[in-house]
Every structure is written in structure tokens, then in C-alpha cells.
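A.B. asks: This structure is in C-alpha cells; I'll ask about it shortly.
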Amino acid sequence: MDVFVEKYGVKYARASECLTKDKEALLSFYDMSAEHWDHLRTTNPIESVFATVRHRTVRTKGALSPTTAKLVVFKLVMAAAKTWRRLMGENQVPKVVAGLIFRDGTEVTPNPDHREP
């Protein structure tokens, strides 16, 4: 990112400004376990579920009460869940929840001999 900004900063000033302004958020991806990177890169699982729900509910518009609509959506999501892939690196999830630090996808283990001032 720094090389891009240095090389093309003058020509693409707005892009460079956007990258540098949001650099921390853009690179936070690498602070997660590398096993989770495939899942973090895509929103397709969410989009495909909503596409199925939207497809079914649009076809039956006007025929659904709020209660029936909730039931239909619930059943469609449950049916879609049967085809979902398992989360790769599921053993890493408790580490992420516990707040362990990952750098470039690898868990950073604290060095007990090194004391910070």
C-alpha cells in the first residue's frame, strides 16, 4: 500500500487518500487466523440465503401474514443451512473470541521472558 501511494499518489490522489485514511481497517483482515481468510473474503453465503428467501416471498406476496412470513423465512434458512460449508479452522474461533492476537494470519504467542517497561 505504501509503495502504491508513493508511486501513484500524485496521479491517483483520491485513491491514495482513501487507502491511507482507511489503512488500518483495510489491513485488519490480516489480524485474523489465516484459516478464516476464505470465509472473510466473501459475503456469498449470506447473499445466497437472502436470494432464496427473496425468491420465495416475492412469489407469494400478499398471501403471507407476518407470522406466516417469519415461519417461511425460518424454514428456508433452515433448509439452506443443510448445504452450508463447515467453517475452516473452527478450532480457531474460541481464540478469536478470546481476543488472541494474530499477525499475518498466524497466532502471536507472547514471550514470557520479554517484559514490557
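The values are calculated or read from the model by the stated rules, or taken from the named source; none is laboratory data. Given the structure is predicted, the values throughout are model-derived calculations rather than measurements. Quick reminder, even Gly has a Cβ in these numbers, built from the backbone with ideal geometry, and neighbours come from all protein chains shown.
A.B. asks: So residue 100 ticks every box in (1) at pLDDT 75 or above; (2) assigned to a helix (DSSP H, G or I); (3) surrounded by 12 or more Cβ atoms within 10 Å (Cβ to Cβ) but one. Which box is left unticked?
C.D. replies: (2)
A.B. asks: Write out, first by first residue and then by second, each pair whose Cβ atoms fall under 9 Å of each other, whose residues are 6+ apart or on separate chains, and whose first residue, in segment 41-62, is more than 15 Å from residue 75 (Cβ to Cβ) while the second is loosely packed, with under 13 Cβ neighbours inside 10 Å and modelled with pLDDT under 70.
C.D. replies: 45/85
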